[in-house]
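As structure tokens, the structure follows; a few thoughts come after it.
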Amino acid sequence: MSTRILLLGAGLMAAKHAERFAEIPGATVVGVVDTREDVGAEFAKTHGIEREFTSLGDALDWGQFDAAANVTPDPVHYPTTMELLAAKKHVLCEKPLATTFAHADEMASTAEAAGLINMVNLSYREVAAMREAARMVAAGDIGDVRYFEASYLQSWLTQDAWGDWASEPAWLWRLSTAHGSKGVLGDVGIHILDFATHVAGADVDTVACQLKTFEKAPAPGNEAYAPLDANDSAIMTVALANGATGTVNATRYASGHLNDLYLRIFGTKGGLEVSFAKNTSALRYCATSAMTTATWEDVPALDVPTNQAVFVKALTEGGEAMPDFRRGAALQAVLDAAEASDLDDGRRITLG
Ligand SMILES: NC(=O)c1ccc[n+]([C@@H]2O[C@H](COP(=O)([O-])OP(=O)(O)OC[C@H]3O[C@@H](n4cnc5c(N)ncnc54)[C@H](O)[C@@H]3O)[C@@H](O)[C@H]2O)c1
């Protein structure tokens, strides 16, 4: 029997989940929940989904699904995932897993105790060049990692390729701490932290952070989102458990970049440069033998499965569902420490 998936949330990102699940033989999206009835109905029609609900409670009363993809706004992840886990449903949750480490940790512990498949949608695990870079670092191809520079560049505050941030709810909630947003730090800072530390093969030991928010206001009629006080740029310097140090930066003001990630990572025996720009991934390598001439070669990378495919495989065949909630919680601890550092004038904070 096909694995039955419930989509929780029918906004921008949910469309990607629906398309991805539709590509997987053995998985069917059987229902969608959105608190905005019209949005949910339109989404169900577009994606050919049979059932639609306006509350998770109604979907749970119906109950005819095995697993859920939680694609609600960040502050909704914790309460709704806890409800899903209590009902013994497996969960693929959007990032950031929660808005605090305490909640993320509780989600991980609850899922583990219940023996449920739990996964966090850190989408850039699907970047082939990043996966190959992680493999090469683990294989010792650049020796001991010493230094790295990672950045996530977006520009939706300076141009409208994705719509108008001042009047569209999907962007407005991301700019408002009262709506649970952790700013660019929680929105995409988590992606680049995962990207850099996964490739480096070590967790964050200490972090110091500076956040920056520029003054801005919602368009008339959207005052409910004021003040737009969530951070727009985040600059972190981190030290990893393997001794390497590096910078991890994210901004919504990188005019000229829509959604690009870069990582340059250097070790005692070589260097790697990973990029994911304009949806294209590339990997360059300076091998030990090429270090004196600083010659770089392109490295081909193999295709990697989507996170949705990994999740369904774990459900149907018992494969590993990584990155899991435990990983999401570990990253959340870094985000919390980064926020605390910023509030304390950039003081370096050691993770517990
Ligand atoms: N992994 C990625 O690369 C990636 C990319 C974009 C967004 N995201 C994440 O996906 C999530 C959703 O982002 P989005 O851009 O789709 O936002 P969005 O605002 O477009 O969509 C969220 C939807 O959830 C609905 N909703 C709110 N509360 C709900 C509830 N209690 N029950 C059911 N539905 C509810 C809203 O009505 C809305 O339609 C966020 O956590 C975001 O960080 C991840």
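The values are calculated or read from the model by the stated rules, or taken from the named source; none is laboratory data. The shown structure was predicted, so the numbers you read here are calculated from the model rather than taken from an experiment. Note that each Cβ is placed from the backbone with ideal geometry, even for glycine, and that neighbours are counted across all protein chains shown. These area figures cover heavy atoms from the full protein model, side chains too; ligands, DNA and RNA do not enter into them. Shrake-Rupley method; radii C 1.70, N 1.55, O 1.52, S 1.80 Å.
Which order do peptides 49-57, 233-241 fall in by mean Cβ count within 10 Å, highest first? Numbers along the way, then the final one.
Values: 49-57: 16.9, 233-241: 21.3.
Put in order of decreasing packing, that is 233-241, 49-57.
Please give the per residue accessible area of region 128-303, computed with a probe of 1.4 Å over protein heavy atoms only, in Å².
Here the residues of region 128-303 average 43 Å² of exposed surface.
Would you mind putting 342-352, 85-95 in packing order, based on average other-beta-carbon counts within 10 Å, highest first?
Working: 342-352: 13.0, 85-95: 21.0.
Ranked by mean Cβ neighbours within 10 Å, highest first: 85-95, 342-352.
Over region 3-123, what lengths in whole Å, largest first, do the semi-axes of the equivalent ellipsoid take, defined as the square roots of 5 times the eigenvalues of the alpha-carbon gyration tensor? Don't skip to the answer; put the middle values down first.
Details: eigenvalues 93, 43, 38 Å².
Result for region 3-123: semi-axes of 22, 15, 14 Å.
Averaging sequence separations of C-alpha pairs under 8 Å and six or more residues apart, then dividing by the length of the chain, give the relative contact order as a whole percent.
20
Once amide H atoms are built 1.01 Å from N in the peptide plane, which residues 5 or more positions from Ala226, or in another chain, come under 5 Å H to H?
The answer is none.
Mind counting lysine pairs for me in the chain? Cα separation below 23 Å, and the two need to be 8 or more apart along the chain or on different chains.
Number of lysine pairs found: 14.
Can you figure out the FRET efficiency of Arg135 with Lys216, using R₀ = 51 Å and their beta-carbon distance, to the nearest 0.05?
Working: r = 42 Å, r/R0 = 0.82.
It comes to 0.75.
Tally up the carbon and sulfur contribution to the accessible surface of region 35-100 as a whole percent, 1.4 Å probe, everything protein left in place. Could the numbers behind the result be given before it?
Values: 1400 of 2940 Å².
With neighbouring chains kept in place, the figure for region 35-100 is 48 percent.
Full-extension gain between Arg51 and Asp345, please, as 0.36 nm times their residue separation minus the C-alpha to C-alpha distance. The partial results should precede the final answer.
On the way: separation 294, 0.36 × 294 = 105.84 nm, distance 5.01 nm.
Computed gain between Arg51 and Asp345 is 100.8 nm.
So how much slack lies between Asn279 and Glu23, counting 0.36 nm per residue of separation and subtracting their Cα-Cα distance, in nm?
Details: separation 256, 0.36 × 256 = 92.16 nm, distance 1.91 nm.
Result for the pair: 90.2 nm of gain on full extension.
If you stretched the chain out fully between Leu302 and Ala287, how much longer would it get, using 0.36 nm times the residue separation minus the C-alpha to C-alpha distance? Walk me through the intermediate numbers first.
Values: separation 15, 0.36 × 15 = 5.40 nm, distance 1.95 nm.
The Leu302-Ala287 span can extend by a further 3.4 nm.
Relative contact order for region 128-303: what is it in percent, counting Cα pairs under 8 Å that are at least 6 residues apart?
Values: 398 pairs, mean separation 57.0, N = 176.
Value for region 128-303: 32 percent.
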